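Here is the structure we will look at.
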Amino acid sequence: MKRSSKPAAAGAANSTVGEAAIAPGARALAVAAALCCVAALLGFGAALDGYSQWLHPPGLLGARGIERALAFNLLAYVGPGLVLAWIAWRLRDALQARGASARIGAWLWLWSALAWAAQGVASLDPQDLDAQASRLHALAWLLWWLAFVPGALLLARATLGTPAWRRFGAIALASAAVLCLAIVLADLRVAPSAPAQRVALLAWLAAYVAAAWPRRGSSG
(Lines give C-alpha, C1' and ligand atoms only; values in the text may rest on other atoms or scores of the structure.)
Protein backbone atom coordinates (compact mmCIF):
# COMPACT_ATOMS: atom_id res chain seq x y z
CA MET A 1 0.00 0.00 0.00
CA LYS A 2 2.81 2.42 0.84
CA ARG A 3 4.48 1.79 -2.51
CA SER A 4 1.29 2.52 -4.43
CA SER A 5 0.31 5.60 -2.44
CA LYS A 6 3.56 7.47 -3.09
CA PRO A 7 3.21 7.61 -6.89
CA ALA A 8 -0.39 8.71 -6.50
CA ALA A 9 0.64 11.49 -4.14
CA ALA A 10 3.44 12.53 -6.48
CA GLY A 11 1.05 12.56 -9.43
CA ALA A 12 -1.37 14.78 -7.53
CA ALA A 13 1.43 17.17 -6.63
CA ASN A 14 2.63 17.29 -10.23
CA SER A 15 -0.87 18.05 -11.48
CA THR A 16 -1.10 20.92 -8.99
CA VAL A 17 2.14 22.57 -10.05
CA GLY A 18 1.79 21.59 -13.69
CA GLU A 19 -0.71 24.40 -14.35
CA ALA A 20 0.77 27.61 -12.93
CA ALA A 21 -1.12 30.91 -12.91
CA ILE A 22 0.27 34.31 -11.93
CA ALA A 23 -2.43 34.59 -9.22
CA PRO A 24 -5.63 32.78 -8.21
CA GLY A 25 -8.48 33.94 -10.41
CA ALA A 26 -6.21 35.96 -12.71
CA ARG A 27 -7.47 34.29 -15.89
CA ALA A 28 -11.13 34.90 -15.03
CA LEU A 29 -10.47 38.54 -14.14
CA ALA A 30 -8.45 39.21 -17.29
CA VAL A 31 -11.08 37.64 -19.54
CA ALA A 32 -13.86 39.50 -17.72
CA ALA A 33 -12.01 42.82 -18.10
CA ALA A 34 -11.42 42.26 -21.81
CA LEU A 35 -15.03 41.22 -22.44
CA CYS A 36 -16.34 44.14 -20.40
CA CYS A 37 -14.27 46.59 -22.44
CA VAL A 38 -15.35 45.15 -25.80
CA ALA A 39 -18.99 44.78 -24.74
CA ALA A 40 -19.10 48.38 -23.52
CA LEU A 41 -17.67 49.62 -26.81
CA LEU A 42 -20.18 47.62 -28.84
CA GLY A 43 -23.18 48.16 -26.60
CA PHE A 44 -22.83 51.87 -25.93
CA GLY A 45 -21.89 52.41 -29.56
CA ALA A 46 -25.08 50.72 -30.72
CA ALA A 47 -27.14 52.76 -28.25
CA LEU A 48 -25.81 56.15 -29.38
CA ASP A 49 -27.59 57.54 -32.43
CA GLY A 50 -25.25 58.32 -35.31
CA TYR A 51 -22.25 56.58 -33.78
CA SER A 52 -20.26 54.34 -36.12
CA GLN A 53 -17.58 51.86 -35.09
CA TRP A 54 -15.98 52.46 -38.51
CA LEU A 55 -15.87 56.25 -38.28
CA HIS A 56 -15.65 57.37 -34.65
CA PRO A 57 -12.99 56.79 -31.97
CA PRO A 58 -13.86 54.81 -28.81
CA GLY A 59 -13.26 57.88 -26.64
CA LEU A 60 -16.21 59.70 -28.19
CA LEU A 61 -18.61 57.42 -26.29
CA GLY A 62 -17.22 58.76 -23.03
CA ALA A 63 -16.93 62.39 -24.11
CA ARG A 64 -18.45 65.24 -22.17
CA GLY A 65 -22.09 65.84 -22.97
CA ILE A 66 -22.62 62.35 -24.39
CA GLU A 67 -25.46 60.36 -22.85
CA ARG A 68 -24.29 57.58 -20.49
CA ALA A 69 -20.68 58.75 -20.84
CA LEU A 70 -19.88 58.08 -17.17
CA ALA A 71 -21.08 54.48 -17.37
CA PHE A 72 -19.07 53.91 -20.55
CA ASN A 73 -15.91 55.36 -19.03
CA LEU A 74 -16.23 53.11 -16.00
CA LEU A 75 -16.97 49.94 -17.96
CA ALA A 76 -14.65 50.46 -20.93
CA TYR A 77 -11.73 52.36 -19.44
CA VAL A 78 -11.45 52.62 -15.66
CA GLY A 79 -12.61 49.14 -14.61
CA PRO A 80 -10.71 47.11 -17.23
CA GLY A 81 -7.65 49.33 -16.91
CA LEU A 82 -7.37 48.82 -13.16
CA VAL A 83 -7.92 45.05 -13.44
CA LEU A 84 -5.26 44.71 -16.13
CA ALA A 85 -2.87 46.87 -14.08
CA TRP A 86 -3.25 44.29 -11.32
CA ILE A 87 -2.55 41.53 -13.87
CA ALA A 88 0.67 43.32 -14.84
CA TRP A 89 1.64 43.64 -11.16
CA ARG A 90 1.14 39.93 -10.59
CA LEU A 91 3.06 39.22 -13.79
CA ARG A 92 5.99 41.18 -12.40
CA ASP A 93 5.97 38.98 -9.29
CA ALA A 94 5.72 35.77 -11.36
CA LEU A 95 8.68 36.77 -13.54
CA GLN A 96 11.05 37.89 -10.79
CA ALA A 97 13.46 35.08 -11.67
CA ARG A 98 13.56 36.05 -15.35
CA GLY A 99 15.73 39.11 -14.74
CA ALA A 100 15.51 42.87 -15.15
CA SER A 101 14.03 42.76 -18.66
CA ALA A 102 10.96 40.90 -17.42
CA ARG A 103 10.48 43.16 -14.41
CA ILE A 104 10.82 46.36 -16.42
CA GLY A 105 8.53 45.00 -19.11
CA ALA A 106 5.86 44.15 -16.55
CA TRP A 107 6.18 47.62 -15.00
CA LEU A 108 5.67 49.18 -18.43
CA TRP A 109 2.55 47.06 -18.89
CA LEU A 110 1.27 48.26 -15.54
CA TRP A 111 1.69 51.87 -16.66
CA SER A 112 0.05 51.05 -19.98
CA ALA A 113 -3.01 49.68 -18.18
CA LEU A 114 -3.16 52.71 -15.88
CA ALA A 115 -2.93 54.99 -18.92
CA TRP A 116 -5.90 53.14 -20.42
CA ALA A 117 -7.87 53.71 -17.21
CA ALA A 118 -6.86 57.38 -17.23
CA GLN A 119 -8.61 57.87 -20.56
CA GLY A 120 -11.88 57.32 -18.73
CA VAL A 121 -11.01 59.96 -16.15
CA ALA A 122 -9.80 62.62 -18.60
CA SER A 123 -12.70 62.38 -21.03
CA LEU A 124 -12.76 64.15 -24.38
CA ASP A 125 -14.44 67.50 -24.85
CA PRO A 126 -15.97 67.21 -28.36
CA GLN A 127 -16.69 70.94 -28.43
CA ASP A 128 -13.05 71.86 -27.81
CA LEU A 129 -10.37 69.35 -28.76
CA ASP A 130 -7.72 71.79 -27.50
CA ALA A 131 -9.21 71.85 -24.00
CA GLN A 132 -7.10 70.50 -21.16
CA ALA A 133 -9.29 67.41 -20.71
CA SER A 134 -9.00 66.55 -24.40
CA ARG A 135 -5.24 66.99 -24.30
CA LEU A 136 -4.96 64.79 -21.22
CA HIS A 137 -7.06 62.13 -22.93
CA ALA A 138 -4.79 62.25 -25.97
CA LEU A 139 -1.72 62.05 -23.73
CA ALA A 140 -3.14 59.00 -21.94
CA TRP A 141 -3.80 57.35 -25.31
CA LEU A 142 -0.20 58.04 -26.34
CA LEU A 143 1.24 56.69 -23.10
CA TRP A 144 -1.03 53.65 -23.37
CA TRP A 145 0.65 52.26 -26.45
CA LEU A 146 4.11 53.78 -25.95
CA ALA A 147 4.41 51.94 -22.63
CA PHE A 148 2.93 48.71 -23.96
CA VAL A 149 5.15 48.16 -27.00
CA PRO A 150 8.60 48.32 -25.37
CA GLY A 151 7.17 46.40 -22.41
CA ALA A 152 6.06 43.63 -24.75
CA LEU A 153 9.49 43.51 -26.40
CA LEU A 154 11.22 43.22 -23.04
CA LEU A 155 8.82 40.54 -21.84
CA ALA A 156 9.26 38.58 -25.07
CA ARG A 157 13.04 38.81 -24.72
CA ALA A 158 12.83 37.45 -21.19
CA THR A 159 10.35 34.64 -21.82
CA LEU A 160 10.77 33.25 -25.33
CA GLY A 161 13.67 31.08 -24.19
CA THR A 162 11.66 29.49 -21.37
CA PRO A 163 9.33 26.62 -22.37
CA ALA A 164 6.73 27.45 -19.72
CA TRP A 165 6.50 31.09 -20.89
CA ARG A 166 7.27 30.73 -24.59
CA ARG A 167 3.65 30.95 -25.74
CA PHE A 168 3.10 34.10 -23.72
CA GLY A 169 6.28 35.67 -25.12
CA ALA A 170 5.17 34.93 -28.68
CA ILE A 171 1.71 36.43 -28.07
CA ALA A 172 3.22 39.52 -26.44
CA LEU A 173 5.54 40.03 -29.42
CA ALA A 174 2.75 39.49 -31.95
CA SER A 175 0.41 41.83 -30.07
CA ALA A 176 3.02 44.60 -30.05
CA ALA A 177 3.60 44.14 -33.79
CA VAL A 178 -0.12 44.27 -34.60
CA LEU A 179 -0.68 47.29 -32.36
CA CYS A 180 2.26 49.19 -33.88
CA LEU A 181 1.21 48.35 -37.41
CA ALA A 182 -2.38 49.48 -36.80
CA ILE A 183 -1.34 52.80 -35.27
CA VAL A 184 1.32 53.55 -37.88
CA LEU A 185 -1.02 52.76 -40.78
CA ALA A 186 -3.68 54.99 -39.24
CA ASP A 187 -1.21 57.85 -38.72
CA LEU A 188 -0.06 57.53 -42.33
CA ARG A 189 -3.72 57.50 -43.40
CA VAL A 190 -3.18 54.19 -45.14
CA ALA A 191 -5.88 52.60 -42.96
CA PRO A 192 -9.02 54.19 -41.47
CA SER A 193 -8.30 55.48 -37.96
CA ALA A 194 -11.34 54.10 -36.13
CA PRO A 195 -10.96 50.45 -37.21
CA ALA A 196 -7.20 50.64 -36.63
CA GLN A 197 -7.78 51.80 -33.06
CA ARG A 198 -10.04 48.83 -32.43
CA VAL A 199 -7.52 46.38 -33.88
CA ALA A 200 -4.87 47.89 -31.60
CA LEU A 201 -7.19 47.56 -28.61
CA LEU A 202 -7.95 43.89 -29.33
CA ALA A 203 -4.23 43.11 -29.66
CA TRP A 204 -3.57 44.85 -26.35
CA LEU A 205 -6.34 42.97 -24.54
CA ALA A 206 -5.17 39.64 -25.97
CA ALA A 207 -1.68 40.17 -24.54
CA TYR A 208 -2.98 40.70 -21.00
CA VAL A 209 -5.28 37.69 -21.22
CA ALA A 210 -2.30 35.62 -22.36
CA ALA A 211 -0.30 36.90 -19.38
CA ALA A 212 -3.00 35.68 -16.99
CA TRP A 213 -3.49 32.30 -18.66
CA PRO A 214 -2.17 29.30 -16.66
CA ARG A 215 0.91 27.69 -18.10
CA ARG A 216 2.56 24.33 -17.67
CA GLY A 217 5.77 24.09 -15.71
CA SER A 218 7.31 26.31 -13.11
CA SER A 219 6.84 30.06 -13.15
CA GLY A 220 10.53 30.80 -12.87
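Converting the Cα gyration tensor eigenvalues of segment 44-106 into ellipsoid dimensions via √(5λ) gives semi-axes, longest first, of 36, 12, 8 Å. Computed about its Cα centre, the charge dipole of segment 64-201 is approximately 600 debye, with only Lys, Arg, Asp and Glu carrying charge at their Cβ. For segment 65-125, a simple Cβ point-charge model (Lys and Arg +1, Asp and Glu -1, everything else neutral) yields a dipole of about 340 debye relative to the Cα centre.
Positive end of the dipole of segment 23-161 (Cβ unit charges, origin at the Cα centre): among ALA26, LEU75, GLY65, the Cα lying farthest that way belongs to ALA26. Within the accessible area of the chain, the carbon and sulfur atoms contribute 67%, probe 1.4 Å, all protein chains present. Ranking LEU143, ALA133, THR162 by how far each Cα lies toward the positive end of the dipole of segment 95-210 (charges on Cβ) leaves THR162 at the top.
Geometric descriptor of segment 38-197, per residue, is 111 Å³ (volume of the convex hull of the Cα atoms). Measuring r between the beta carbons of GLN127 and ILE104 and using R0 = 45 Å, the FRET efficiency lands at 0.65.
Helix 132-159 and the long axis of the chain differ in direction by around 20°, with both axes built from C-alpha atoms. Take the Cβ atoms of ALA47 and ARG135, set R0 to 30 Å, and the FRET efficiency comes out at 0.60.
Give the distance, in whole Å, between the Cα centre of segment 170-220 and the Cα centre of segment 24-84. After rounding, the separation between the Cα centres reads 17 Å. Per residue, segment 15-135 exposes 49 Å² of accessible surface when a 1.4 Å probe is rolled over the protein heavy atoms with every protein chain present.
Modelled spin-label separation between LEU82 and LEU160, with each label point placed 7 Å from Cα along the Cα-to-Cβ direction: 3.6 nm.
Between LEU146 and LEU181, the modelled labels are 2.4 nm apart [label points 7 Å from Cα along Cα→Cβ].
Placing pseudo-labels 7 Å out from each Cα toward the beta carbon at ALA97 and ALA191 gives an inter-label distance of 3.8 nm. For segment 154-199, the relative contact order comes to 25 percent (Cα pairs under 8 Å, sequence separation of at least 6).
Compared with the dominant principal axis of the Cα atoms in the chain, helix 193-212 is inclined by about 20°.
The values are calculated or read from the model by the stated rules, or taken from the named source; none is laboratory data. Quantities reported herein were computed from a predicted structural model and do not represent experimental measurements. We place every Cβ from the backbone using ideal geometry, glycine too, and count neighbours over all the protein chains shown. Each accessible area value is taken on the protein alone, full model and side chains, heavy atoms only, with ligands, DNA and RNA left out. Shrake-Rupley method; radii C 1.70, N 1.55, O 1.52, S 1.80 Å.
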